[in-house]
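The values are calculated or read from the model by the stated rules, or taken from the named source; none is laboratory data. These numbers come from a predicted model, not from an experiment. Methodologically, a virtual Cβ is constructed for each residue, glycine included, from the backbone with ideal geometry; neighbour enumeration extends over all protein chains shown.
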Amino acid sequence: MRSFAHLALAAVICATALPVLAEDKPILNIYTYDGFAAEWGPGPGLKAGFEQTCNCTIEWTTSEDAISNLRKVQLEGTATKADVVLGLDTATSGEARATGLFAPHGLTPEGLVLPWNDAEFVPFDYGYFAFVYDKQKTPNPPTSFEELIALPASFKIVIEDPRSSTPGLGNVLWVEAAYGDRAPEIWKGLKPHVLTMTRGWSEAYGLFLDGQADMVLSYTTSPAYHAIAEDKHNYAYAPFSEGYVAQVEVAGVLKSSDQPDLAKAFLAYLTTPEAQKIIPTTNWMYPVIDLGADLPAEFGKPPAKVLTIDEAALAANGRAWVDAALAALQ
Amino acid sequence: MLLSPRSSNLVLPHRPLRLIAGAGVAAAIAALVALVLLAILAAAAGEPSRQSSVDVWHLVSMTAIQAGLTTVLSLLVGTALAWALNRLRFPGRDLIVGLFASAIVTPGLIVAFGLLSVWGRAGWVNQASLALTGQPLEVPLFGLGGILAAHVILDASFAARILLARLDAIPEKRLKTGQSLGLGAWRRFEVIDWPMLRTTLPGLAAIIFLLAFTSFPIVLLLGGGPANQTLEVAIYAAVRLDFDLRGAVTLALVQIGICSAIIIAASAFAPISASTGGSTPPRWRDGTAARIAQWTVLVFGIVGFALPLLAILIDGVGPGIIEVASRPSFWKALGTSLLLGSGSALLTLLLALGIGMGRAASGIPLLRVGIGAPAYAYLAVPAVVLSLGAFLLVRNAGMLPEVAAPLVVLLANALLSLPFALATLAPPLDAIAERRGRLIRSLGLSDWRQFTAVEWPLLGREAGVVLALAFCFSLGDLGVIALFGTEDFATLPLLMYRALGAYRSNDAAAIAALMLVITIAAFVLLPKLFGKLTDARS
């Protein structure tokens, strides 16, 4: 019993002493999604890189996805301990901006490959929503939504629910940007091909890898993962002639942050070549600056034809687009 | 006879403490649910009320049809399986029983993927058919059929496990009498088995209906599109997509209302269990025709239920296992999961005993319903609402979410297991009060002596089942962790979902297989262990 008491005492002392030690350096609290801070994600590399110069400690707080982080700071309001929210994207940053919780970053990131003019958010990676397929099983993939619709109903795709998943919402925006008023008609045409509509990307991609469907809604960067991490070169994305809608992932500083300078320094660090080199092979997205030879060749060139969605139109009509797509699929 | 009365000559020991404890636990759970909803409403104060585009009644009726079908099918299949397993003895029987019980505690998504590995387009059956006949055998797995299949795998095997426990508890004396009367297989079921089963069926039906009614990932995975959806999906969308907290609470109240009606109806119609006890039934074989039927049920059961689980194990055994096991994060998550599992198993047992004993000590039907109903709270309250409300409560209490996370998860996991624990423990507790109440009273046993001398020895095996159930539920549940996560606090299922979300499907498969192995081991070993412990004492 005595030794147990000693152990317990030691544990208590350790538990109380650790935060004291950590307090020597300022702490930068970052809210992000699970996958980003995971041991195989960009989190550990970025933390190590930034901590070398900032004389601070990064602490990640994670939620299952980016939108949960936004909801969390909305609920916490100005009492949040978060300094930075990392991982919001083009479909959610407008809503985040409207909360009034985010501060202007005052940065002018250099060398961005994307046209960028956003006072609150800094981009750190991006990708395009696309249908991924297996080249061996599908030698001739459809090259547009209309070609896909014209295929026999036995050609199946897996998509994600726009209410619960980022790519799912991206798909709705993609069809909207490409077809506008014709969007419901496209969704009606897709209906026989939809094997199922999953809660999240993970389930959809799992179904595809299991061979349950011919194509899955994912990213143009997905084939690079299989080529680099698994040395499998049979996956590709279907080249759709309508063009593609981008998901740009961004980070922003909260007005309530007690470390605003550190937070801005971190945002600036995110677009440096050093940080950008870490991201492609850990988060499997394109870097936002030109890395030249430092970007593995497997990523290929991003698609040339890009469709954009107006933030104000998205804010005004986003929910109606989702409802129209769901109604057409019903 | 809406509220089933207990037998007229019932003599219950006077147990005010038990009544107070049971009512206290029930009131605490009900208060917690109310607080969760109030916390969300308070956070929504000042937000403009939005026009919801959700057609609630369409959703409710669709969901009710799906859940009703799931319930009927699961109970039919579960009863048949329990009947077959009760009669047959064969090597590996314990393993099969453990495997059946494992389905319900395995995360639904894993089971759905296992189902697809067997019956899907690239699954075993289709490949075998292609190899043998050159023709694909396309089983329509997406749509209502797929949802029902996955739900029945989860729920019928669980029902079989619970019903088997009731059949195994038939007193030896009664079996001997039946045997000497030369009852046929059907009469034996009707006269001896059915009175045991029907005490558990309403509670089981309520649990299965609730599980199917609130099912989320399986419905989306196998639903085949937005036509097959549940209220739970709409609530998730209200929180996540619209951030319409008031709308979410309104929808949640609709769901809680419907679920409460089901729970109260089930509690009201549940007859009181007639007996308990017994251990190994004497060898009494049914006739040849019945035995053929039993073997057929068993073989179909194994093919239907065990193959998808086997597929999970086979898919998981690969290079992924070594990779996963080489990471410290895996061992840390394993430790966290085992610790949380043990803690919530104990908490579940305590809560279930508190509620079960309180219920059994009362002769007033309405009071019995009032004490029993809140135990189902977790199944009725949408997960996203519970997670959100818990997050707000913790913050309002001035605690840091990451500090409170283990406690919240522990409590949530215990609440999740509570209905299942109660379905296991309440019938025998009722039976003891019913059959031995007079004896206990005449001997003047104290509360504590009643428990140690009478109840515990008879409940040992069931307590083991409850611990195993709760332990495994906790092991497999993601629960309310969504808003509480930190890098330092991860459980095995969270690790699995993270892997699945990062293209690492091999890692995910390996973790799924390991979780399943732990689950089966717990189900085979814990009830045995407790059976032995309590037998030694009695």
Residue list for the range A:209-236, restricted to those being more than 16 Å from A:PRO280 (Cβ to Cβ) and more than 10 Å from every other protein chain (Cβ to nearest Cβ): A:MET215, A:VAL216, A:LEU217, A:ASP231, A:LYS232, A:HIS233, A:ASN234, A:TYR235, A:ALA236
Among (1) assigned to a loop (DSSP other than H, G, I, E, B); (2) within 14 Å of chain B (Cβ to nearest Cβ); (3) under 26 Å from A:ILE67 (Cβ atoms), A:PRO152 falls short only on (3)
Can you tell me how many residues within the range A:47-81 are within 19 Å of the chain's Cα centre (by Cα) and at pLDDT 95 or above? 1
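Across the range A:277-297, what is the total count of residues that are touching a residue at least 40 places away in the same chain (Cβ under 8 Å) and either within 15 Å of the chain's Cα centre (by Cα) or part of a loop (DSSP other than H, G, I, E, B) (or both)?
The first filter runs over the range A:277-297 and keeps only residues touching a residue at least 40 places away in the same chain (Cβ under 8 Å), leaving A:278-290, A:296.
Subset that is either within 15 Å of the chain's Cα centre (by Cα) or part of a loop (DSSP other than H, G, I, E, B) (or both): A:279-288, A:290, A:296.
The total comes to 12.
Can B:LEU221 be described as in contact with a strand residue (DSSP E or B) (Cβ under 7 Å, 6 or more places away or on another chain), closer than 30 Å to B:ALA375 by Cβ and assigned to a helix (DSSP H, G or I)? Reasoning before the result, please.
On the way: in contact with a strand residue (DSSP E or B) (Cβ under 7 Å, 6 or more places away or on another chain): yes; closer than 30 Å to B:ALA375 by Cβ: yes; assigned to a helix (DSSP H, G or I): yes.
Taking the combined requirement at face value, the residue satisfies it.
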Kindly indicate which of B:SER157, B:SER215 is closer than 27 Å to B:ILE110 by Cα, within 14 Å of chain A (Cβ to nearest Cβ) and polar (S, T, N, Q). B:SER215
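Report yes if B:LEU349 is over 21 Å from the mean Cα position of the chain (by Cα) and either assigned to a helix (DSSP H, G or I) or farther than 12 Å from B:LEU411 by Cα (or both), otherwise no. Full working, then the answer.
Details: over 21 Å from the mean Cα position of the chain (by Cα): no; either assigned to a helix (DSSP H, G or I) or farther than 12 Å from B:LEU411 by Cα (or both): yes.
Judged against the criteria, B:LEU349 is not a match.
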Flag if A:ILE149 is modelled with pLDDT of 95 or more, within 19 Å of the chain's Cα centre (by Cα) and not assigned by TED's automatic domain parsing to the domain that holds A:LYS264: no
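Quick one: which of B:LEU116, B:LEU95 is surrounded by fewer than 16 Cβ atoms within 10 Å (Cβ to Cβ) and under 28 Å from B:MET496 (Cβ atoms)? Give the derivation first.
Details: B:LEU116 fails: surrounded by fewer than 16 Cβ atoms within 10 Å (Cβ to Cβ).
Matching residue, one of B:LEU116, B:LEU95: B:LEU95.
Check every one of the strands (runs of 3 or more DSSP E) wholly within the range A:38-145 and list those with 2 or more residues that are within 11 Å of another protein chain (Cβ to nearest Cβ) and under 23 Å from B:VAL394 (Cβ atoms).
In the range A:38-145, A:57-63 are the strands (runs of 3 or more DSSP E) which contain 2 or more residues that are within 11 Å of another protein chain (Cβ to nearest Cβ) and under 23 Å from B:VAL394 (Cβ atoms).
Please go through the range B:219-229 and give me each residue that is more than 7 Å from chain A (Cβ to nearest Cβ) and either within 19 Å of A:PHE208 (Cα to Cα) or modelled with pLDDT of 80 or more (or both), ordered by number. Can you show your working first?
Let us first name the residues in the range B:219-229 that are more than 7 Å from chain A (Cβ to nearest Cβ), namely B:219, B:228-229.
If the condition is that a residue be more than 7 Å from chain A (Cβ to nearest Cβ) and either within 19 Å of A:PHE208 (Cα to Cα) or modelled with pLDDT of 80 or more (or both), then B:VAL219 is the only one that fits.
Looking at A:GLY318, A:GLY300, can you tell me which residue is under 20 Å from the mean Cα position of the chain (by Cα) and within 12 Å of chain B (Cβ to nearest Cβ)?
Details: A:GLY300 fails: within 12 Å of chain B (Cβ to nearest Cβ).
The match here is A:GLY318.
With respect to B:THR63, determine if the residue is part of a helix (DSSP H, G or I), touching a residue at least 40 places away in the same chain (Cβ under 8 Å), in contact with a His (Cβ under 8 Å, 6 or more places away or on another chain) and away from chain A (no Cβ under 14 Å). So that I can check it myself, show each step before the final result.
Details: part of a helix (DSSP H, G or I): yes; touching a residue at least 40 places away in the same chain (Cβ under 8 Å): yes; in contact with a His (Cβ under 8 Å, 6 or more places away or on another chain): no; away from chain A (no Cβ under 14 Å): yes.
When the stated conditions are applied, B:THR63 does not pass them.
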When the range B:391-410 is checked residue by residue, the ones that are at the interface with chain A (Cβ under 10 Å from one of its Cβ atoms) and surrounded by fewer than 17 Cβ atoms within 10 Å (Cβ to Cβ) are B:LEU400
List every residue pair whose Cβ atoms sit under 7 Å apart, with the two residues 6 or more apart in sequence or on different chains, where the first one lies in the range B:183-212 and is farther than 30 Å from B:ALA252 by Cβ and the second, anywhere, is in a helix (DSSP H, G or I) and not hydrophobic (A, V, I, L, M, F, W, C). B:ARG188/B:GLY178; B:VAL191/B:GLY178; B:ILE192/B:ARG174; B:ILE192/B:GLY178; B:MET196/B:ARG166; B:LEU197/B:THR79; B:LEU197/B:ARG166; B:THR199/B:PRO427
Going through the range A:170-208 in order, the residues found to be closer than 16 Å to A:ALA327 by Cβ and within 8 Å of another protein chain (Cβ to nearest Cβ) are A:LYS191, A:VAL194, A:MET197
Please state which of the following conditions B:THR133 fails to meet, knowing it meets all the rest: (1) under 30 Å from B:THR250 (Cα atoms); (2) free of Cβ contacts under 8 Å to residues at least 12 places away in the same chain; (3) β-branched (Val, Ile, Thr). (1)
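Hand me the list of helices (runs of 4 or more DSSP H) wholly inside the range B:83-162 holding 3 or more residues that are within 21 Å of B:ALA521 (Cα to Cα) and under 25 Å from the mean Cα position of the chain (by Cα). Step through it out loud before you land on a result.
Working: elements: B:93-105, B:108-119, B:124-133.
Those helices (runs of 4 or more DSSP H) span B:93-105, B:108-119.
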Would you please name the residue that is nearest to the chain's Cα centre (by Cα), looking only at residues in the range B:327-338 that are among the aliphatic types (A, V, I, L, M) and away from every other protein chain (no Cβ under 14 Å)? B:LEU338
Residues in the range A:210-268 that are among the acidic types (Asp, Glu), surrounded by 22 or more Cβ atoms within 10 Å (Cβ to Cβ) and part of a loop (DSSP other than H, G, I, E, B) total 1
Inspect the range A:300-314 for any residue being closer than 24 Å to A:MET197 by Cα, in contact (Cβ under 8 Å) with a residue 12 or more places away in the chain and part of a helix (DSSP H, G or I) and give the result as yes or no. yes
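So for the range A:98-111 (the condition being under 18 Å from the mean Cα position of the chain (by Cα), of a type outside the set (Asp, Glu) and assigned by TED's automatic domain parsing to the domain that holds A:VAL253), does at least one residue qualify? Give the steps one after another, and end with the answer.
At the first step, the residues of the range A:98-111 found to be under 18 Å from the mean Cα position of the chain (by Cα) are none.
No, there is no match, as no residue in the range A:98-111 is under 18 Å from the mean Cα position of the chain (by Cα), of a type outside the set (Asp, Glu) and assigned by TED's automatic domain parsing to the domain that holds A:VAL253.
Please work out if B:ALA84 is among the small types (Gly, Ala, Ser), buried (at least 16 other Cβ atoms within 10 Å of the Cβ), in contact with a helix residue (DSSP H, G or I) (Cβ under 6 Å, 6 or more places away or on another chain) and modelled with pLDDT of 90 or more. Before the answer, list the steps.
Working: among the small types (Gly, Ala, Ser): yes; buried (at least 16 other Cβ atoms within 10 Å of the Cβ): yes; in contact with a helix residue (DSSP H, G or I) (Cβ under 6 Å, 6 or more places away or on another chain): yes; modelled with pLDDT of 90 or more: yes.
Spelling it out, B:ALA84 is indeed among the small types (Gly, Ala, Ser), buried (at least 16 other Cβ atoms within 10 Å of the Cβ), in contact with a helix residue (DSSP H, G or I) (Cβ under 6 Å, 6 or more places away or on another chain) and modelled with pLDDT of 90 or more.
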